[in-house]
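Novice: Encoded as structure tokens, here's the structure I'll be asking about.
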Amino acid sequence: MRTALLRITARIAATALLGGAAILTGTLPANAATGTVVTDSGLGVTIRSGNATDFGAVGTQPNGSVEIDCQTYGEPVTGKFGRSLVWDHVPGKGFISDAYVNTGSSGLVAPLCAGNPRADRAINWYAARNGSTAYQGYCEKAAENSYNKDLIWGSAKIDWNDAVARGVAHRGDLNPPKGALVFWDLAAPYGHVGVARGDGYFWATSVNGKIGLAKLPYFSSYLGWAWPNF
């Protein structure tokens with residue numbers, strides 16, 4: 001995540017209010033936000049159909065003021081304002097990385113989007129492999145592969161410890177949002193990880209010896225959840 005210092009140094013002008021849930025289309029909610037797109041090239045930032053760089057480009061948001069009707073967490077991107085997991089939804093267009101948008105904050109300044117395309121894709125990845133034993137002993141690899149990533153962290157416990165070190169681990173919380181990683185202190189020193197469905201259930205390996213869906217906490221020694229840092 002970019003630091004507050006980076007935000008202050010590059011601040012142009014932006015105001016926003018915190019708020020509740022929002023939809024991805026339609027009239028801007030009263031608590032929507034504005035920001036300022038800033039790129040070194042001056043050509044603007046790519047608008048994508050989802051909250052990751054491997055979603056298709058659907059246009060370009062030029063440098064300057066931009067409306068944001070909601071925000072979500074997605075693939076981390078390093079841009080003009082540092083590294084950020086936040087993606088901004090531009091009404092009627094798509095998603096842009098908040099790493100190129102000056103909102104005056106390193107966190108959310110608009111409602112959390114009701115939709116999360118990257119999380120949906122990860123959940124569908126697990127569902128398509130329901131009952132598979134191919135990832136037994138490789139829970140972290142499964143979680144990363146579901147997000148189209150690989151070889152980021154050596155184990156689930158290392159992944160969790162990263163979230164703790166960054167101050168973004170939600171310890172003991174049994175209500176993780178859709179797409180969040182859920183962690184357990186199992187199989188020392190490796191730990192265990194799955195992906196939350198957003199309704200109290202999660203997908204993971206080792207559910208009755210295979211990839212499966214279960215209700216939290218299911219395993220013992222539940223640690224909590226964090227957004228994927230990959």
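No value in this document is a laboratory result; all are computed from the given coordinates. Quick caveat: nothing in here was measured; it's all calculated off a predicted structure. Don't worry about glycine lacking a Cβ; one is built from the backbone with ideal geometry, like all the others, and counts go over all protein chains shown.
Conditions (1) surrounded by 20 or more Cβ atoms within 10 Å (Cβ to Cβ); (2) aromatic (F, W, Y), marked per residue:
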residue	(1), (2)
R48	yes, no
A52	yes, no
G64	no, no
T72	yes, no
Y100	yes, yes
V109	yes, no
A119	yes, no
I123	yes, no
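For (1) touching a Cys at 6+ places or on another chain (Cβ under 9 Å); (2) farther than 14 Å from L108 by Cα; (3) among the polar types (S, T, N, Q), each residue gets a yes or a no:
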{"site": "T34", "(1), (2), (3)": "no, no, yes"}
{"site": "T39", "(1), (2), (3)": "no, yes, yes"}
{"site": "I47", "(1), (2), (3)": "no, yes, no"}
{"site": "N51", "(1), (2), (3)": "yes, yes, yes"}
{"site": "F55", "(1), (2), (3)": "no, yes, no"}
{"site": "V58", "(1), (2), (3)": "no, yes, no"}
{"site": "T78", "(1), (2), (3)": "no, yes, yes"}
{"site": "G82", "(1), (2), (3)": "no, yes, no"}
{"site": "G92", "(1), (2), (3)": "no, yes, no"}
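Novice: Looking only at region 192-230, count every residue that is free of Cβ contacts under 8 Å to residues at least 40 places away in the same chain and either in contact with a helix residue (DSSP H, G or I) (Cβ under 9 Å, 6 or more places away or on another chain) or in a strand (DSSP E or B) (or both) and tell me the total. Steps first, answer last, please.
Specialist: The first filter runs over region 192-230 and keeps only residues free of Cβ contacts under 8 Å to residues at least 40 places away in the same chain, leaving 196, 199-202, 207-208, 214-215, 218-221.
Next cut, either in contact with a helix residue (DSSP H, G or I) (Cβ under 9 Å, 6 or more places away or on another chain) or in a strand (DSSP E or B) (or both) only: 196, 201-202, 207, 214-215.
Qualifying residue count, region 192-230: 6.
Novice: Right, next: Which of the residues spanning region 84-139 are basic (K, R) and in contact with a strand residue (DSSP E or B) (Cβ under 6 Å, 6 or more places away or on another chain)?
Specialist: Answer for region 84-139, where residues must be basic (K, R) and in contact with a strand residue (DSSP E or B) (Cβ under 6 Å, 6 or more places away or on another chain): K93, R118, R129.
Novice: Of these, G104, G92, G115, G82, which one is touching a His at 6+ places or on another chain (Cβ under 9 Å) and touching a residue at least 60 places away in the same chain (Cβ under 8 Å)? Steps first, please.
Specialist: Values: G104 fails: touching a His at 6+ places or on another chain (Cβ under 9 Å); G92 fails: touching a His at 6+ places or on another chain (Cβ under 9 Å); G82 fails: touching a His at 6+ places or on another chain (Cβ under 9 Å).
The conditions single out G115.
Novice: Here's another thing I want to ask about it. Considering only residues that are within 22 Å of P76 (Cβ to Cβ), in contact with a His (Cβ under 8 Å, 6 or more places away or on another chain) and surrounded by fewer than 19 Cβ atoms within 10 Å (Cβ to Cβ), which ones fall in region 171-223?
Specialist: none
Novice: Same structure again: Of the residues in region 143-160, how many are surrounded by 22 or more Cβ atoms within 10 Å (Cβ to Cβ) and under 20 Å from F55 (Cα atoms)?
Specialist: Of the residues in that region, 3 qualify.
Novice: I've got another one for you. Does S206 satisfy the criteria of being among the small types (G, A, S) and touching a Leu at 6+ places or on another chain (Cβ under 7 Å)?
Specialist: Values: among the small types (G, A, S): yes; touching a Leu at 6+ places or on another chain (Cβ under 7 Å): no.
In short, no.
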